[in-house]
Amino acid sequence: KEIKALGVQNAYFPMLIPENLFHKEKEHVEGFNPEVAWVTHGGDTLLPERLAIRPTSETIMYDSYKKWIRSWRDLPLRLNQWCNIVRWEFKHPVPFLRTREFLWQEGHTVFATKEEAETEVFEILDLYARVMEDLYAIAVLKGVKSENEKFAGAVYTASIETAFPNGKAIQIATSHLLGQNFSKAFDISFLNKNGEKDYAWQNSWGISTRSIGIMLGIHGDDKGIVMPPRVAPIQVVIVPIIFDDSKDRVLKKCEDIKKELEKHSIRAMIDDSDYRPGWKFNKWEMKGVPLRIELGPKDLDSGKVKASYRYNSEKELISIEPHHVAGHIVKKLDEIQKSMLDNSRKMLHDSIVPCNSIDHMQKIIEEKKIAYIPFCNTPSCEDAIKDKTGAKSLNTATGQKEEHKCVNCGKPAKLFYFGKSY
């Protein structure tokens, strides 16, 4: 909804990219070369030109953009596609977090001016931060990545990052100012309002199924998944305790409660399968349903029903009347969502330690925390820091005014987050 509200339209481009297009932007192809999977044959026939399976879609999309854009009146052009991506080269695959194929949305936009493009970079970054905090209940670090870690071919990359309970950091989503690098390589030019030829300013941005893995890793526990209510496919599961002499009465009350919950737009279901109640409890705990209601003949007699909360394992008795159950659960789901975000914020805050020396940084990284250090943002210096500590930069908050001295070389520096990451 939010992407469309910005005026971005959906599109779809081919997943196979001719090699001649892929090689048009030198820095881009150098950055992705190790990860590209190539199609070389159709059946038994050698293809006249290799086809890259898209690691990202800049090169296949921008070949069309140059044909569509002629005048300032054709701008802005803002397209987004939901698609799969293949990146082949890595050492430690982790389900959801680091896989050879994943799903994402990738936005590709074109503007007449740098100012318009930069405004969108951070507009999108704020949107991604809202997705993680408001929906996934995950706190993030929002900022700009280092020269070493920026997207290949970009002027700069803005990102949101977070950390797992095991101390490892992870990049969640990115928004790139591509500048005029690709527009010059692909001749995406236009006549401006003065009738002069100008090169377009471009952005690309994306968030992927990695976000689901991050949710599983940060909120999950030894019992299984813990779902934040706003993204849970099932928010409430009602488990009837069934005996032959009371089955109809129990199921009728379960159905009444379910209907009342649905009036409040709560996603609810009744598990009336033949499995034993204990088996069902375990199943829905493992699947991370935020709230479980247990209802049997004794509950009908007492006028109370038991509610169990997945995120903290607490239980309580509430009035069995459907309108009371629904009103209570609406409030409780909001409380759970807020508590999960608060817990994530505390965990992230507690994992960050300011450091002013390499020795201190090494100690903090060994303790599986994130170091917040002065860093000069030069690739050679980042390589040296990584060699000494095993940590790489995550990002840096924008708007820093105070100057510091780099922990490695002593040159003027800004504060960056560093950590071991997926």
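Summary table below
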{"read-out": "Inter-probe distance in nm under a simple model that places probes 7 Å from Cα toward Cβ, at Asn282 and Val330", "value": "3.7"}
{"read-out": "Mean separation of Cα contacts under 8 Å, 6 or more apart, over the residue count of the chain: relative contact order %", "value": "14"}
{"read-out": "Solvent-accessible heavy-atom area per residue, rounded to whole Å², over the stretch 1-84 at 1.4 Å", "value": "55"}
{"read-out": "Net length gained if the chain between Glu262 and Ser71 were fully extended (0.36 nm per residue, minus Cα distance)", "value": "63.7 nm"}
{"read-out": "Part-to-part distance (alpha-carbon centres) for the stretch 127-152 and the stretch 162-241, which is given in Å", "value": "8"}
{"read-out": "Among Thr113, Thr40, Thr396: highest mean-square fluctuation, GNM of the chain, C-alpha pairs under 10 Å", "value": "Thr40"}
{"read-out": "5 angstrom amide H check on Gly179, placed H, neighbours 5+ away", "value": "Val155, Gln202"}
{"read-out": "Contour excess over end-to-end distance, with Cα ends at Ser273 and Ala397 and 0.36 nm allotted per residue", "value": "39.5 nm"}
{"read-out": "Backbone N within the stretch 70-87 under 16 Å of label point (7 Å from Asn194 Cα along the Cβ vector)", "value": "72"}
{"read-out": "Net lengthening on full extension, Trp82/Lys247 (0.36 nm per residue, minus Cα-Cα)", "value": "54.8 nm"}
{"read-out": "Table column - 3J(HN,Hα) (Hz), the stretch 205-217, Karplus curve with 6.51, -1.76, 1.60, x for Gly and Pro", "value": "7, x, 9, 10, 5, 3, 4, 5, x, 5, 4, 4, x"}
{"read-out": "Paramagnetic reach from Lys411 in the stretch 122-163 [backbone N under 15 Å; point 7 Å along Cα→Cβ]", "value": "146-149"}
{"read-out": "Mean separation of Cα contacts under 8 Å (6+ apart) over length of the stretch 233-285, as relative contact order %", "value": "49"}
{"read-out": "Modelled FRET efficiency - R0 35 Å, Glu367 with Glu30, Cβ distances, 0.05 increments", "value": "0.45"}
{"read-out": "Candidates Phe243, Phe375, Phe182, ranked by Gaussian network fluctuation over the chain, Cα under 10 Å, top entry", "value": "Phe243"}
{"read-out": "1.4 Å probe accessible area per residue over the stretch 269-407, in Å²", "value": "53"}
{"read-out": "Environment charge of His23, counting only residues whose C-beta is closer than 13 Å and scoring Lys/Arg +1, Asp/Glu -1", "value": "-4"}
{"read-out": "Computed FRET value (nearest 0.05) for Glu115 with Glu255, which takes r as the C-beta separation and R₀ as 60 Å", "value": "0.55"}
{"read-out": "Accessible-area composition of the chain, carbon plus sulfur, in percent [1.4 Å probe]", "value": "51"}
{"read-out": "Cut-off under 5 Å, modelled amide H: who pairs with Phe416 long-range", "value": "Ile373, Phe375"}
{"read-out": "Calculated FRET value between Leu16 and Leu46, using beta carbons and R₀ = 22 Å, to 0.05", "value": "0.90"}
{"read-out": "Principal axes of the chain: Cα extent on each, largest first, Å", "value": "82, 53, 51"}
{"read-out": "Cross-link partners of Lys193 among lysines (Cα-Cα below 28 Å; sequence separation of 8 or more within a chain)", "value": "Lys4, Lys66, Lys67, Lys114, Lys184"}
{"read-out": "Stokes-Einstein D in µm²/s, Kirkwood radius over Cα pairs - the stretch 178-330 at 10 °C with 1.306 mPa s viscosity", "value": "85"}
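The values are calculated or read from the model by the stated rules, or taken from the named source; none is laboratory data. Given the structure is predicted, the values throughout are model-derived calculations rather than measurements. So basically every Cβ, Gly included, is an ideal-geometry build from the backbone, and we count neighbours across all protein chains shown. The area values use the complete protein model at the heavy-atom level, side chains included, leaving out ligands, DNA and RNA. Shrake-Rupley method; radii C 1.70, N 1.55, O 1.52, S 1.80 Å.
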